[in-house]
Amino acid sequence: MSAAHMTDEQPPKTSSWRRAKHRVAHSIKLRMVLVFLVLAAAMTFVVVTGAQKAFSMGWREAARPLLMDYVDRLASDITADGAPSVERAQAITGRLPLTVRIEGPQVRWASHPDQPVPDWRRDDRANEQRFQREDWGGGKDWQRILKRSTADGHTIEFGINEEVFERRPRLIGYALTALLLLTLLAWLYVRRLLKPLDAIGAGARRFGAGDFSQPIPERCLHGPDELGELASTINTMGQDIHQMLEAKRALLLAISHELRSPLTRARLNTELLPETADVNPQREALLRDLQEMAGLISDLLESERLSAKHAALQREPLALAPLAQDVVSDVLARQPARPEARPTIALLQDPNLPTLALDAARIRLLLRNLLDNALRYSAGAPLPPELHLRAVGQGIQIEVRDHGPGVSADQLAHLAEPFFRPDIARTRAQGGVGLGLYLCKLVAQAHGGTFAVRNAAPGLAVTVTLPGG
């Protein structure tokens, strides 16, 4: 039971450690604070170690003679007529943070008997080895420095009153509190210093999503710095990209509008050709090509309208089930006859679908493109394409699935991009120009919905969710 309990608790600890490691690895702020702490610790170590070395090196030459002379003076102050005086010793310990111990045939007195015996007075081997180090000068040296003998056979030993240093834990607490306070101040300063990075990241994400209306603020703490220059550079890049996209959009709209008139005239002239056995095949082929070109221009214009910042939708309460049945009938009627079997579409719907405020023309376009795409890649499939209408909360989910070959995983994410066609659709007989799914995605987003594509194994499934309310 205990082993099992330990096993159950191990993953959270590992997960917490991994999360902390991930945060440190992906946060410049945390790494800068850690560098600050490591640098502070390293500087403290160097200063303390250097001071200790300097003190130990100068101990023999300077400090020891001064201390010995000072102890001689204290011993002479305590001694009166060759004998130690307890009264004088008490007077010295009363005004100085010292301890005095007198031992001899007549006087045995200690100013602080409750304090432990100093290390240099102990005779154990471990302590002897400790005080043989150069920085301490040896235990016998300490005895020569702090111990004096009087003429009547008494010994006087001096030491440091440790009661004076009883506040050391409190001082350590103060030091730790100050260290934590400095760390907090460093963190707050670094956070404030690198705060423009958050604005730069948010602005870059907006630009990546196609929103160029709000530039990155170029605020800095004390005037322009490297982060301000970076924000200005990214803003300039965003403006250039926006201008390029707008120029492309304007050119595409202009070309599409200008092509409509000659296409209409070409179609009219084609329809006026005589209907003879020799001319009819070429006439029908030309009409199909002109129809395809007209459809392409219409799709281009519609995609530009829907990709605008404020897509104009003609919303009205719409019952989706009757519209879907109508689109299915229209799509099947336009399919060319096949020698093996006439294509079909399976329509599966929930009984109580909510009525939503939708743009009927755009929803019809979405359903038609999804069904055309499914039929195009279902040739030879064992099952017909499926159109599912599901109620999801207050909204509706539309899913169109085929049972064809599907799409490779590396191409799946690009299916809804304009003019992208997978490898199986590179031929004109099998695939369109690559605007069908792109238009479906724009229609879904214009209604505030979502668009998703996945491999259904077999086949491809496209899911559009339209919110209610």
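Quick notes
- Sorted ascending by nearby beta carbons within 10 Å, beginning with the fewest, Leu194, Leu98 become Leu194, Leu98.
- Karplus-derived 3J(HN,Hα) values for the range 73-81, using 6.51 cos²θ - 1.76 cosθ + 1.60 with θ = phi - 60°, are 5, 5, 5, 5, 5, 6, 7, 10, 6 Hz; glycine and proline are entered as x.
- Full extension of the segment from Tyr189 to Ala40, taken as 0.36 nm per residue of separation minus the current Cα-Cα distance, would add 52.0 nm.
- Long-range amide H partners of Leu98 with built H, under 5 Å: Asn161
All of the numbers you see were taken from the coordinates with simple rules; none came from a lab. Note that the structure is a prediction, hence the values are computed from the model and not measured. Neighbour counts are summed over all protein chains in view; Cβ atoms, including those assigned to glycine, are modelled from backbone coordinates with ideal geometry.
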